[in-house]
């Protein structure tokens, strides 16, 4: 693939938008040709509009891009678009792009529950993305019946400025709006087929804790056919998805890493495993309550649960020739 | 009760021991006549030995007490003793006191699983104490079948110096040694009778999060007879224990407070409810996985889950004339 | 003073406004008769409008007050007003009240630099209030020549929502807009007389650190006449202000507490000293650079550096019969 | 340099020791041939002995090294040694190595104040290392007269387990044992010559704040010849040390980066600049108190202020042929 696809990043000034630009800066298949934002920064240089929140070494040529409006006609015909737009504006904007024939890979929740949208490929909610990756080998090998999950989610999941420091320092907030509903519904959509949800009973308790990046999840799962913790671990370690088979650029070698130590995964130590694309699992043990297993799963909410996952989706569509 | 009982605090220099002294400083029934510690500080003034970790305004007369060894003969015959000794030394020391005929109310785990110890009354593990108080009305009114709990525990639960800052800042540690076993076993002991455990299937996932005080717990519970979230809330609000009936000095008016707000309890805002003796519950809602309810429960690990609970035990024994 | 003065709190829904209401809830001279806010909450009950951010046990009768607009005619003629309005609206609003003959005690910076305003008594900036209290005995006893201060300020100094958690977790932000200018100018105004600033050369470096409440300041000071650290400590310990002489209700017995321990004051342990009205000083030692002394000073930014200081001002005006 | 020098890391299991191994894992001139520790882990595999604290991807061949005692005869004659031993044991151990003719590059404070030690090259204290790098261009270009510094230091500066979470969460601790003395003395040693200290009057206030890595310093400096903030910035930007001239492997291209933004440097955002070897400066402005300049300086305490600096020292000695 000598000629890189030109891509636009919609909502490029926010936390997730910056993560898209950062992950695409040296991508072998894509190059960022346009950055768009629905805010007062249109017409400004990208680097100056993100100002002092700029986290990483942004390449100069990307920093010098001028922010445009997130409209198809405002952009110089990119091959595809990544959307990090906030949910309240993403809906119609993304439809405009799809109608203009431009594939959109989105992190916004707006179209997540649409039955089938050929050009608009939404990414799951971050907590769901991490959970379902850990559950996929269980579903494939033993069939899933019931899942209980209690999450401990980082503040970057709420975007910028997001959670006030006065609200989260020394605190646990046991409520994230709509999050539990998303986890319970999307898990079934993702583990099922396009026409049929998976039929798993899912119950979630979602909590915000004072960490920066990385969602940790305590999972209790009952499978249809009996499986020992050892069999569960083996199924997770053997799991390879299509991205691994196709050796896509953003696919981690191991989508799931299972650690042996009694006190891992830990948010700060393991969040960047596999460049943030791996879900790290640990403490797989018998669960007496569901007569199943319980374990911990950790993933990077902005990468595996966000921009990295959208980019992987786009890579998959290209490799499968679903888009040009 | 004009004449206050003289009490000794064993293990008085640690975090839990200091909390005992703080709670007893102005107690209507008890006065601290001796402080003991199993360490190099024996013979020093109490105030200087706790040094710069001293948190609260310690009354001068208590600060001037001289630390003794934790042996019955080293103390001037107190009426009873509270023990905040570390588990690895508490066992034989507490037995010595009990053998000497001195009632011991203890926070140490050493004797928790003993079947029946007339003079030695251990307190439950902090996480269990908070959980079981919230579960008691469910057990009484509807019968409990299954409980799943995922905890988010503060660092003060590990004592001082306890958790290294390098281990917990920006981190979730999904492992606390022996904690899950304690929660699973002790819950049955507490909700049952002295001769018969309650027969509830309990499964715990215990996690350390970066908060100072207050254990937050995500609870999923299935009762034997069906109960709606509304009925559960009512049973919790109506719950009064013997401490409330006897109007014991350390008994909070409401052992359980159920909040209506969608985002409460919160660790920092609610940990001191009822002077730290109340468990605050919120978000009581239907749980599809167990076909029961799920809710959040929060309590102060050093007070309801520690020193305050032991003092309440001692008050109860006195009021019931089980000790003199 | 049998009949309490009726007072209005302007800007009552913010963090500082709530602190005013909390400190006034059981005040011997004042009772809150009106709460006003310049926002969309006008017409709502006070308790519901502050919602889940409500920190303390707000008395029911105050929670039931209905929020009015911050205009003199909208209120039922209170005797005086406390203002916690944000700086960008405080200016004209406070002037309206003063013109209507109603004394205003304000935390807003709008009128701080006015030369003389009989009815409008602004409170200093929080960092300055803490600094100048610690410096007053030095100025009185030895004359101040030069002051260098480097602050470590808590997030509550920025109000609510204020500092984003993503900006301050694991971070030090070495910039607070206009803060250094305020400290450098106001210190001279406060340590001087109404007609003549003190003529002290002040240089400040203001930093935000990840703490909730309490501003810690590293102070380096050169006095005009030579003073040993011991003499400085004595002057601080002997210092009594007019509030102490008049035994005003909000005056702490010791405006400055000097600690002997080598590692005190500490933000979390000492911030509430004197109900938040005391400044705690420690580590007074020789400074080779200015040939003076250096020391640490800590105060509660919302109480000594905010609402508590305004209330003390009002008490002083009443006791001195400067207002009725 | 085809044949890499064999190096031993003494004190390899601690936080600084792990940082040495991490920085040396892919070094072009050095390869780790031995790891030593003065603790109970001697004889164990390195990877298992650091256990769950292992932060980075340790190469397998290093993880499989067996820990030896830190004695010259216990090691297979490495070409040189890096020492991350704790100060209380470093003294005699390092002398043993030096006497055995093996050059030692050390982070321990034990020999820092020795006048001249040909084979034993101590690294400055972390706070001093960061400060002096920022001061060097001022000293070279304008002469330094007086320096006042107030530091905000991360917990990793205290090693592992180091600072208890209960001591530092929500806190500022204004005391670090011996730190201020080290900064005041070592700054003069470093900015002077081997035979003559620089004669700068230095006054330090050292504070621990709740951050993981990165020491932030508020600096006030008076130069002998007058310099505007603009001239100071230029001198910092133009500064190149011998490591830059010799293009040593660990030398950052820019030893000092001066940022223009009004709110930089920030600890979390800038600590890894130049792979942790760059000191980031910002907010250079006039200081009225010393009639000089004030600015902020930030550096990575474990890299620029620790292991990275020692490795750079060793590279310099090799390049200058001071050792073989």
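Worth a mention:
- Enumeration of residues in region A:1-21 that are free of Cβ contacts under 8 Å to residues at least 60 places away in the same chain and buried (at least 18 other Cβ atoms within 10 Å of the Cβ): A:13, A:18, A:21
- If the condition is being at pLDDT below 85 and either within 12 Å of another protein chain (Cβ to nearest Cβ) or assigned to a helix (DSSP H, G or I) (or both), then region C:51-61 contributes C:51, C:52, C:53, C:54, C:55, C:56, C:57.
- Count of region D:176-185 residues, restricted to those that are within 13 Å of chain C (Cβ to nearest Cβ) and over 20 Å from residue B:51 (Cα atoms), is 6.
- Selection of region A:63-84 for residues being closer than 28 Å to residue A:157 by Cβ, in a strand (DSSP E or B) and over 24 Å from the mean Cα position of the chain (by Cα) yields only A:68.
- Leading residue by the ranking (farthest from the other protein chains (Cβ to nearest Cβ)) among those in region D:213-230 that are within 28 Å of residue C:208 (Cα to Cα) and surrounded by fewer than 19 Cβ atoms within 10 Å (Cβ to Cβ): D:230
- Test set (1) within 19 Å of the chain's Cα centre (by Cα); (2) at pLDDT below 95 - residue D:302 fails condition number: (2)
- Of the residues making up region C:186-212, those that are in contact with a strand residue (DSSP E or B) (Cβ under 8 Å, 6 or more places away or on another chain) and more than 10 Å from every other protein chain (Cβ to nearest Cβ) number 4.
- Matching residues in region B:23-52 - criterion: being in contact (Cβ under 8 Å) with a residue 60 or more places away in the chain and either surrounded by fewer than 22 Cβ atoms within 10 Å (Cβ to Cβ) or more than 20 Å from the chain's Cα centre (by Cα) (or both): B:24, B:27, B:28, B:29
- Among the residues of region A:138-154, those that are part of a helix (DSSP H, G or I) and surrounded by fewer than 24 Cβ atoms within 10 Å (Cβ to Cβ) comprise A:139, A:140, A:141, A:142.
- Residues in region C:287-316 that are within 29 Å of residue D:208 (Cβ to Cβ) and part of a helix (DSSP H, G or I) were compared, and the one that is nearest to the other protein chains (Cβ to nearest Cβ) is C:308.
- Given (1) in contact with a helix residue (DSSP H, G or I) (Cβ under 8 Å, 6 or more places away or on another chain); (2) on the phi < 0 side of the Ramachandran plot; (3) touching a residue at least 24 places away in the same chain (Cβ under 8 Å), number of the condition residue C:63 does not satisfy: (3)
- Residues being touching a helix residue (DSSP H, G or I) at 6+ places or on another chain (Cβ under 6 Å), within 14 Å of chain D (Cβ to nearest Cβ), crowded, with 19+ Cβ neighbours inside 10 Å and part of a loop (DSSP other than H, G, I, E, B) - total across region C:243-263: 1
- The set of residues from region B:155-175 being at the interface with chain D (Cβ under 7 Å from one of its Cβ atoms), over 20 Å from residue B:268 (Cβ atoms) and outside any loop (DSSP other than H, G, I, E, B) comprises B:164, B:166.
- The set of residues in region A:271-286 that are out of contact with any helix residue (DSSP H, G or I) (no Cβ under 7 Å at 6 or more places or on another chain) and facing another protein chain (nearest Cβ under 10 Å) comprises A:271, A:272, A:273, A:282, A:283.
- Failed item, numbered, when residue D:152 is tested on (1) more than 9 Å from chain C (Cβ to nearest Cβ); (2) within 17 Å of the chain's Cα centre (by Cα): (1)
- Residue ID - farthest from residue B:69 (Cα to Cα), chosen from residues in region B:96-112 that are touching a helix residue (DSSP H, G or I) at 6+ places or on another chain (Cβ under 9 Å) and part of a helix (DSSP H, G or I): B:99
- In region C:231-242, the residue that is nearest to the other protein chains (Cβ to nearest Cβ) out of those that are surrounded by fewer than 17 Cβ atoms within 10 Å (Cβ to Cβ) and in a helix (DSSP H, G or I) is C:237.
- Hey, residue A:92 within 17 Å of residue A:110 (Cα to Cα), more than 14 Å from chain D (Cβ to nearest Cβ) and crowded, with 17+ Cβ neighbours inside 10 Å or not: no
The values are calculated or read from the model by the stated rules, or taken from the named source; none is laboratory data. Computed from a predicted model, the values in this text were never measured in an experiment. When we count neighbours, we look across all protein chains shown, and the Cβ atoms used for this are built from the backbone with ideal geometry, even at glycine.
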